[in-house]
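Take a look at the structure below.
The values are calculated or read from the model by the stated rules, or taken from the named source; none is laboratory data. Everything numeric here is computed off the predicted structure, so don't read it as measured data. Here the Cβ positions follow ideal geometry from the backbone for every residue, glycine too, while neighbour counts run over all protein chains shown.
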Amino acid sequence: MTVMTDLTLDVVRVRRDFPVLEREVHGKPLVYLDNAATSQTPRQVIETLDHYYRHYNANIHRGLHTLADEATAAFEDTREIVRAFINATERREIVFTRGTTEAINLVAQSWGRANLAPGDEVLISQLEHHSNIVPWQLLANQLDLHIRVIPVDEHGALDMAAYQASFNERTRLVAVNHISNAFGTINPVREMATIAHDHGALILIDGAQAVPHEAVDVRGIDADFYAFSGHKAYGPTGVGVLYGKAALLEAMPPWQGGGEMIRTVSFDAGTTYADIPHKFEAGTPAIGDVIAMGRALQWVDEIGISLIGAWEQRLLAHANEQLARIDGLRVLGTAPHKAGVISFVVEGAHAQDIGLLIDQLGVAIRTGNHCAQPLLHHFGVDATCRASFAAYNTPEEIDIFVEALERVVGMVR
Amino acid sequence: MSAQQAQAELIEEFSLFDNWMDRYQYIIDMGKQLPAFPEELKSAETKIHGCQSNVWIHHEREGETLHFLATSDAAIVSGLIAVLMRIYNDRAPAEIIATPPSFLEDLGLDKHLSPTRANGLHAMLKRIFTLAEQEKVTG
């Protein structure tokens, strides 16, 4: 006999964890649909941060006193939480950064400067966030590199034939996002990693939009570098992670110098550096925030990442269905594999007007270029509206959003 | 009617609405009444930067006064242009300079349309005042 169990996410329970969801905006209940920009924070994470400052705030890795010891233990335990969360091999492959942006800049300036020569090529995609474009442009200017761009098709999916054809003997690195922040396209990163490796290139994956929405397995993908941020995964702002294969990280020179990242410092005999990952963690990190980020990942584990992903797919389907009734609405990014992100434009209604007016009705969506100007310009627009979903959103909220959208479009047309 | 009187009149009109959705609708409807902006006047010189939407302001000296022509591809910004035009259009540069935009506060617009929302209102005001200063000197 098989027992049928309804394994769906208990959204009522999930919502109870988020104090901010109780607030009102302009006298209306908040409907927060800007999760691709930043997700809201569960009380467990807020309490972790609060507990850190109330009980064991201390600098790590040096003091011999109890507080320093407890803070160091909690900080290093977080490395293990992150390692397990993304299935890295070792803890020392986890470098804490200020976020995805800093992680990418670290790879560009450390690995890039040590390994690339004039004429070498870096392959990025049309789907990238500015944070995975500009660090490579800076490096290209410094080292005289060439940047090649993998094109997208009319649905906002990467053209994989063009990707294959983009490699040549000078291609050294592929830098792509796992999930597009602007369109929600899920890229076939495992396949892309295989192709990159077949051509002797490394692959860096910007996982900022993937980590909160699907199970990430850096070993399964065979990613050389994988970056993500805490604040898009129910954690605090200002912290993130760079995963790098141990052998790569070990061979890389330090990027920023300072305390924590050294072994010995001498004016005469020179300075020697700490082992990885500390070699890349100069200065006092955001200790409490890193620990709170670990709690956020545990929270995701407690709910279940696959349940969250499935729930968001349901929300996406419901939103697509409901939005279809709005006359003149066009969704940008209709790739077959998509996360819970809908980017759209409405004929006769500027995105800025929609964003301002819908806020009056308590609905928070993002409007603008989503830090992806090359992608939007490719699709012939300057700005879109974007609704993006998280574990705590409900079909009822989507109904409120679509109704509000209908009303504000009617106002401006 | 002076620029000050135009401001007072706007404040009175806005006080008729008790909620912001109605005020926005009024602003949007005012924007729909803006005179057409000739395509050939859209240039780098007339374009205002710092807005999420596109805004152009063209101006001409007409005797003692400044005549503005402005447009935007967004509805609320077009409405804000209409508000600005009622106060500042066809006035002497000295009168423009002597009329600080107190309506922003009086209408609650500064609170609802803060500069962080990149709506371009402050950029448009700055352009109008800069042009008035220039014309005051050259005129």
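Worth a mention:
- Residue within segment A:249-258 that is touching a residue at least 24 places away in the same chain (Cβ under 8 Å), of a type outside the set (A, V, I, L, M), under 30 Å from residue A:49 (Cα atoms) and touching a His at 6+ places or on another chain (Cβ under 8 Å) present: no
- The one condition from (1) within 19 Å of the chain's Cα centre (by Cα); (2) among the aliphatic types (A, V, I, L, M); (3) within 12 Å of chain B (Cβ to nearest Cβ) that residue A:346 does not meet is (1).
Residue by residue, here is whether (1) acidic (Asp, Glu); (2) touching a Lys or Arg at 6+ places or on another chain (Cβ under 6 Å); (3) under 21 Å from residue B:22 (Cβ atoms) holds:
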| position | (1), (2), (3) |
| --- | --- |
| B:45 | yes, no, no |
| B:59 | no, no, no |
| B:65 | no, yes, no |
| B:86 | no, no, yes |
| B:89 | no, no, no |
| B:93 | no, yes, no |
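- Flag if residue A:323 is modelled with pLDDT of 95 or more and either among the aliphatic types (A, V, I, L, M) or more than 30 Å from residue A:42 (Cα to Cα) (or both): yes
One line per residue, one yes/no per condition, for (1) surrounded by fewer than 17 Cβ atoms within 10 Å (Cβ to Cβ); (2) modelled with pLDDT under 95:
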residue	(1), (2)
A:4	yes, yes
A:13	yes, no
A:19	yes, no
A:31	no, no
A:46	no, no
A:74	no, no
A:83	no, no
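Table: residues versus (1) at pLDDT 95 or above; (2) crowded, with 20+ Cβ neighbours inside 10 Å.
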position: A:298; (1), (2): yes, no
position: A:302; (1), (2): yes, no
position: A:305; (1), (2): yes, no
position: A:312; (1), (2): yes, yes
position: A:319; (1), (2): yes, yes
position: A:356; (1), (2): no, yes
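- Qualifying position, being away from every other protein chain (no Cβ under 12 Å) and surrounded by fewer than 24 Cβ atoms within 10 Å (Cβ to Cβ), among A:375, A:361, A:332: A:332
- Residue match in segment A:112-127 (condition: touching a residue at least 40 places away in the same chain (Cβ under 8 Å), in a helix (DSSP H, G or I) and crowded, with 23+ Cβ neighbours inside 10 Å): yes
- Filter pass, residue A:242 being within 13 Å of residue A:96 (Cβ to Cβ) and touching a residue at least 12 places away in the same chain (Cβ under 8 Å): yes
- Among the residues of segment B:111-125, at least one is assigned to a loop (DSSP other than H, G, I, E, B), surrounded by fewer than 13 Cβ atoms within 10 Å (Cβ to Cβ) and within 14 Å of chain A (Cβ to nearest Cβ).
- A Cβ distance below 9 Å, combined with a sequence gap of six or more or placement on separate chains, defines the contacts here; from segment B:116-128, residues that are more than 17 Å from residue B:68 (Cβ to Cβ) reach residues that are among the polar types (S, T, N, Q) and modelled with pLDDT of 85 or more in the pairs B:117/A:352; B:118/A:352; B:119/A:352.
- Filter result (under 20 Å from residue B:99 (Cβ atoms) and either surrounded by 13 or more Cβ atoms within 10 Å (Cβ to Cβ) or within 13 Å of another protein chain (Cβ to nearest Cβ) (or both)) within segment B:12-25: B:13, B:14
For (1) away from chain B (no Cβ under 14 Å); (2) touching an Asp or Glu at 6+ places or on another chain (Cβ under 8 Å), each residue gets a yes or a no:
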| site | (1), (2) |
| --- | --- |
| A:368 | no, no |
| A:379 | yes, no |
| A:391 | yes, yes |
| A:402 | yes, no |
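- Checked against the criterion of being in contact (Cβ under 8 Å) with a residue 40 or more places away in the chain, surrounded by fewer than 24 Cβ atoms within 10 Å (Cβ to Cβ) and not assigned by TED's automatic domain parsing to the domain that holds residue A:374, segment A:195-203 has at least one qualifying residue.
- Hey, residue B:40 more than 28 Å from residue A:407 (Cβ to Cβ), out of contact with any strand residue (DSSP E or B) (no Cβ under 7 Å at 6 or more places or on another chain), modelled with pLDDT of 95 or more and away from every other protein chain (no Cβ under 14 Å) or not: yes
- Candidate set from segment A:378-402 (those that are buried (at least 18 other Cβ atoms within 10 Å of the Cβ) and over 20 Å from residue A:316 (Cα atoms)); member that is modelled with the highest pLDDT: A:379
- Considered as a group, the residues in segment A:377-413 that are part of a loop (DSSP other than H, G, I, E, B) and among the aromatic types (Phe, Trp, Tyr) include one that is farthest from residue A:359 (Cα to Cα), and that residue is A:379.
Condition check ((1) at positive phi; (2) surrounded by 17 or more Cβ atoms within 10 Å (Cβ to Cβ); (3) in a helix (DSSP H, G or I)) across all residues:
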{"site": "B:7", "(1), (2), (3)": "no, yes, yes"}
{"site": "B:27", "(1), (2), (3)": "no, yes, yes"}
{"site": "B:36", "(1), (2), (3)": "no, no, no"}
{"site": "B:45", "(1), (2), (3)": "no, no, no"}
{"site": "B:60", "(1), (2), (3)": "no, no, no"}
{"site": "B:66", "(1), (2), (3)": "no, yes, no"}
{"site": "B:101", "(1), (2), (3)": "no, yes, no"}
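- Residue match in segment B:81-97 (condition: within 14 Å of another protein chain (Cβ to nearest Cβ) and more than 20 Å from residue B:132 (Cβ to Cβ)): no
- Within segment A:48-59, the set of residues being touching a residue at least 24 places away in the same chain (Cβ under 8 Å), crowded, with 18+ Cβ neighbours inside 10 Å and of a type in the set (Ser, Thr, Tyr) comprises A:48, A:52.
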